[in-house]
Amino acid sequence: MKNELAKELTEVQKRVAEELALSPLTGENLSQTAIAEKYEINRRTIWHWRQDPQFIAYQNQVSQMVLDTMTSEITNRLIELIRSKNENVALKSIETYLKLQGRLQGNQNQTNIVIEQPAKATLIDDIESLEKRIAKARAGEPIEVEFEEIDE
């Protein structure tokens with residue numbers, strides 16, 4: 001799909017979309033003005049491109065591809081934070097993990113989590129198990145998938 005979107009854009013549009021997508025992820029945080037200067041175009045041109053659905057879709061795809069490659073790094077960091085000796089950091093990290101898994105919903109301001117040590121250990125085991133399954137899948141090895149029946 002990226003190739004289809006890329007066909008609709010000029011080379012400069014693709015490079016600018018990639019800069020806009022990657023800049024925050026690499027820590028550069030280039031402004032539109034800096035990117036415009038780099039590619040010798042007017043910053044208003046970038047503003048107009050950012051209104052174009054094709055440009056937006058291409059930029060989003062580039063961002064998603066980078067985030068997909070960072071999944072393991074993100075998971076490892078989240079595990080480190082869950083194991084933190086600082087209980088507030090650990091709880092916030094567990095909350096983040098549960099939200100990412102779709103197992104926790106609600107207004108952030110009203111969410112209170114009380115997790116005892118055995119539950120925290122179980123959560124860490126679940127994360128480690130998921131990491132192993134992801135590594136197997138990436139290596140092309142078969143993985144077991146469990147499904148739960150949902151009553152509708």
Working out 0.36 nm times the residue gap between A139 and R43, then minus their Cα-Cα distance, what length gain in nm do you get to one decimal?
-> 30.2 nm
Hey, which of these cross-link pairs are over 30 Å Cα-Cα: K14/K136; K7/K136; K99/K136?
-> K14/K136; K7/K136
Averaged over all viewing directions, the convex hull of the alpha carbons in the stretch 2-68 casts a projected area in nm² of 4.1
Using per-residue counts of other Cβ atoms within 10 Å, averaged over each peptide, order 9-20, 72-83 from highest down.
-> 9-20, 72-83
Could you work out how far apart the two model spin labels at R15 and K85 are, taking each label as a point 7 Å from the Cα in the direction of the beta carbon, and quote it in nm?
-> 5.0
R0 of 22 Å, Cβ-Cβ distance T96-T69: FRET efficiency to nearest 0.05 | 0.65
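Values quoted throughout were computed directly from the atomic coordinates according to the rules given, and no laboratory measurement underlies them. It should be emphasised that the depicted structure is a prediction, and the values quoted were computed from it without experimental measurement. When we count neighbours, we look across all protein chains shown, and the Cβ atoms used for this are built from the backbone with ideal geometry, even at glycine.
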